[in-house]
Amino acid sequence: GVLVGDTMLMKNIQPPDEAVTAANQRAILNFADQNDRPTYVMLLPTACAIKQQELPEYMNLFNQRSFIDSVYTEMSGAVSVVDTYLRLLSGMDGYIYYRTLDNLTPMGGYLVYEQLGTRLGISPLRAMDQFDIDYGSEYFYGDLYQTLPVSRIQPDRMLLYRFSKYRREYKVTHHSGGEQRTYYTLFPEFVTDLAADRQPYEVILGGFSPVITITSSTSNDNSLLIFADETVFSYIPFLLVHYSDVAIVDVEHATEQDLSELNLDAYNQVLFGVSVDTYMHSDLSGAIDFFLKNGKEDGE
């Protein structure tokens with residue numbers, strides 16, 4: 001299941017599970033139909049779609065572009081779609097996907113932010129030179145390399161983009177199984193030292209949890225609820241510059257107990273943002289349907 005490119009490893013994405021994709025589409029469209037807040041859908045292509053120049057020409061790969069287009073066509077008119085494919089393709093020669101890990105890098109996340117921010121109505125978008133880049137001192141090999149250790153593939157490096165033009169203060173709260181933990185930084189770097197199985201990019205926000213709520217000292221009152229997978233780590237540091245309140249729901253692992261921590265009415269925009277792989281192979285409908293049946297109203 002691992003493809004060996006010239007300079008990187010990639011997950012070989014398989015065709016969709018039709019029952020799963022149908023359930024996910026139904027859940028998203030039902031959510032959009034029953035809520036009056038602006039709703040957006042973003043399916044992110046994986047490395048083997050964007051970095052095809054790394055692979056032999058005869059490789060028979062699943063056509064992610066065609067799949068994304070078909071999903072967006074079927075959802076047209078019900079939600080606003082965010083197409084990042086061409087923007088990522090324009091940066092295909094850069095370090096936009098990890099070499100040994102199945103995810104976008106923060107550099108790839110910035111390209112996503114440019115497209116996503118435009119669709120969300122963010123203005124002005126922040127230029128790259130408004131962020132300080134912290135080059136992590138340690139290199140690492142991700143889980144694709146652990147599966148298939150090809151010695152000529154170089155390790156990855158974690159880069160942290162910190163908004164530097166104006167001061168921002170953040171409160172990041174993780175909700176899991178009725179317990180909470182809070183950080184007052186977007187990059188609690190000590191977190192990756194706590195467990196050997198932590199992915200290096202989990203320094204962003206302190207890793208993934210079923211529900212994460214984030215408040216910012218920004219002066220605007222924009223708020224956003226994101227149904228996400230781990231691709232969110234790539235673009236969230238850029239997006240947070242523009243929002244006072246953001247909630248991130250791990251659509252694959254959040255339970256009803258976790259979701260009950262959220263008040264849907266507290267957020268004026270909703271984004272469903274996952275990789276094509278997640279959308280095609282993971283049933284996300286449980287977390288989405290929860291808010292249709294049990295979502296909190298103001299004052300409850």
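For region 1-75, state which GluC sites (Glu not before Pro) are in a DSSP loop and have at most 11 other beta carbons lying within 10 Å of their beta carbon.
Details: sites: Glu18, Glu54, Glu57, Glu74; in loops: Glu57.
Qualifying residues, ordered by number: Glu57.
Enter the accessible area per residue of region 230-300 (Å², integer; probe 1.4 Å; all protein chains in place).
Values: 2380 Å² over 71 residues.
Averaged over the residues of region 230-300, the accessible area is 33 Å².
Taking region 40-128 on its own, what percent of its Cα-Cα pair distances exceed 18 Å? Walk me through the numbers on the way to the answer.
Details: 1912 of 3916 pairs.
Every Cα pair in region 40-128 considered, those over 18 Å come to 49 percent.
Enter the per residue convex hull volume of region 135-280, computed from alpha-carbon coordinates, in Å³ rounded to the nearest integer. Write down the numbers at each step before the final one.
Details: hull volume 19.6 nm³, N = 146.
Value for region 135-280: 135 Å³ per residue.
Percent antiparallel among DSSP beta bridges with both residues in the chain, to the nearest 5?
Details: 27 of 47 bridges.
In the chain, DSSP labels about 55 percent of beta bridges as antiparallel.
Excluding ligands and nucleic acids, what accessible area in Å² is computed for His281 using a 1.4 Å probe, to the nearest 10?
Surface open to solvent at His281 totals about 70 Å².
Given charges of +1 on the Cβ of Lys and Arg and -1 on the Cβ of Asp and Glu, with all other atoms neutral, how large is the dipole of the chain about its Cα centre, in debye to the nearest 20?
Numbers: 20 positive and 41 negative charges, 163 e Å.
With Lys and Arg at +1 and Asp and Glu at -1, about 780 debye.
Could you tell me the calculated FRET efficiency between Leu125 and Gln53, based on Cβ-Cβ distance and R0 = 30 angstrom, to the nearest 0.05? List each step's numbers first, then the result.
Working: r = 28 Å, r/R0 = 0.92.
Taking R0 as 30 Å, the efficiency between Leu125 and Gln53 is 0.60.
Give me the percent of DSSP beta bridges within region 210-300 that run antiparallel, rounded to the nearest 5. It would help to have the intermediate numbers written out before the result.
Numbers: 5 of 16 bridges.
Here the antiparallel bridges make up roughly 30 percent for region 210-300.
Please list, by residue number, every one of the trypsin sites (Lys or Arg not before Pro) in region 82-179 that is coil in DSSP and has at most 16 other beta-carbon atoms within 10 Å.
Values: sites: Arg87, Arg99, Arg119, Arg126, Arg152, Arg157, Arg162, Lys165, Arg167, Arg168, Lys171; in loops: Arg99, Arg126, Arg152, Lys165, Arg167, Arg168.
For trypsin sites (Lys or Arg not before Pro) across region 82-179 that sit outside H, G, I, E and B with at most 16 neighbouring Cβ atoms in 10 Å, the list reads Arg152, Lys165, Arg167, Arg168.
Val150 label point, 7 Å along Cα→Cβ, cut-off 19 Å on backbone N: hits in region 1-43?
Of the residues in region 1-43, 1-14 have backbone N under 19 Å from the label point off Val150.
Name the shape class, rounded, prolate or oblate, that the alpha-carbon gyration tensor gives for region 48-196, where a ≥ b ≥ c are the square roots of its eigenvalues, rounded holds for a/c under 1.5, and otherwise prolate holds if a/b is larger than b/c and oblate otherwise. Provide the component values of the computation, followed by the final result.
Details: a/c = 1.59, a/b = 1.12, b/c = 1.41.
Oblate shape, in that a/c is at least 1.5 and b/c is the bigger or equal ratio.
Give me the distance between the Cα centres of region 13-53 and region 136-168, rounded to whole Å.
Computed from Cα coordinates, the inter-centre distance equals 27 Å.
Could you tell me which residue out of Leu148, Thr278, Leu111 lies farthest along the dipole of the chain toward its positive end? Charges go on the beta carbon: Lys and Arg +1, Asp and Glu -1, centred on the Cα centre.
So the residue we want is Leu111.
Could you give the spread of the C-alpha atoms of the chain along their three principal axes, from largest to smallest, in whole angstroms?
58, 42, 38
Report Rg/Rh for region 137-185, rounded to two decimals, where Rg is the Cα radius of gyration and Rh the Kirkwood radius.
Numbers: Rg = 17.3 Å, Rh = 14.7 Å.
Rg/Rh for region 137-185 comes to 1.17.
Out of the GluC sites (Glu not before Pro) in region 89-171, which ones are loop residues according to DSSP with at most 15 other C-beta atoms within 10 Å?
Details: sites: Glu114, Glu138, Glu169; in loops: Glu169.
Loop-located and lightly packed - Glu169.
Where in the chain lies the longest segment free of chymotrypsin sites (Phe, Trp or Tyr not before Pro) that are both loop residues by DSSP (not H, G, I, E, B) and have at most 11 other Cβ atoms within 10 Å? Display every interim value, and only then the final one.
Values: sites that count: Tyr58, Tyr166, Tyr184.
Answer from the scan: 185-300.
Stick to the Cα atoms of region 88-133, pair each with every other, and give me the Kirkwood hydrodynamic radius in Å at one decimal. Numbers along the way, then the final one.
On the way: mean 1/r = 0.0866 Å⁻¹.
When all Cα pairs of region 88-133 are included, the Kirkwood radius is 11.5 Å.
Would you work out what percent of the accessible area of the chain, with all protein chains in place, is carbon or sulfur (probe 1.4 Å)?
Numbers: 5970 of 13280 Å².
Exposed carbon and sulfur together represent 45 percent of the surface.
With every protein chain kept in place and ligands, DNA and RNA left out, what is the accessible area per residue of region 59-126? Probe 1.4 Å, answer in Å². Could you put the intermediate results ahead of the total?
Values: 2890 Å² over 68 residues.
With the other protein chains kept in place, region 59-126 gives 42 Å² per residue.
Using a Förster distance of 45 Å, how high is the FRET efficiency between Thr7 and Gln34, based on the Cβ-Cβ distance and rounded to 0.05? Intermediate results must be reported in sequence, preceding the final value.
Details: r = 46 Å, r/R0 = 1.03.
So the FRET efficiency works out to roughly 0.45.
The values are calculated or read from the model by the stated rules, or taken from the named source; none is laboratory data. On a predicted model such as this, the values are computed, not experimentally measured, just so you know. Note that each Cβ is placed from the backbone with ideal geometry, even for glycine, and that neighbours are counted across all protein chains shown. To get the accessible areas, we keep the full protein, side chains included, count just its heavy atoms, and leave off ligands, DNA and RNA. Shrake-Rupley method; radii C 1.70, N 1.55, O 1.52, S 1.80 Å.
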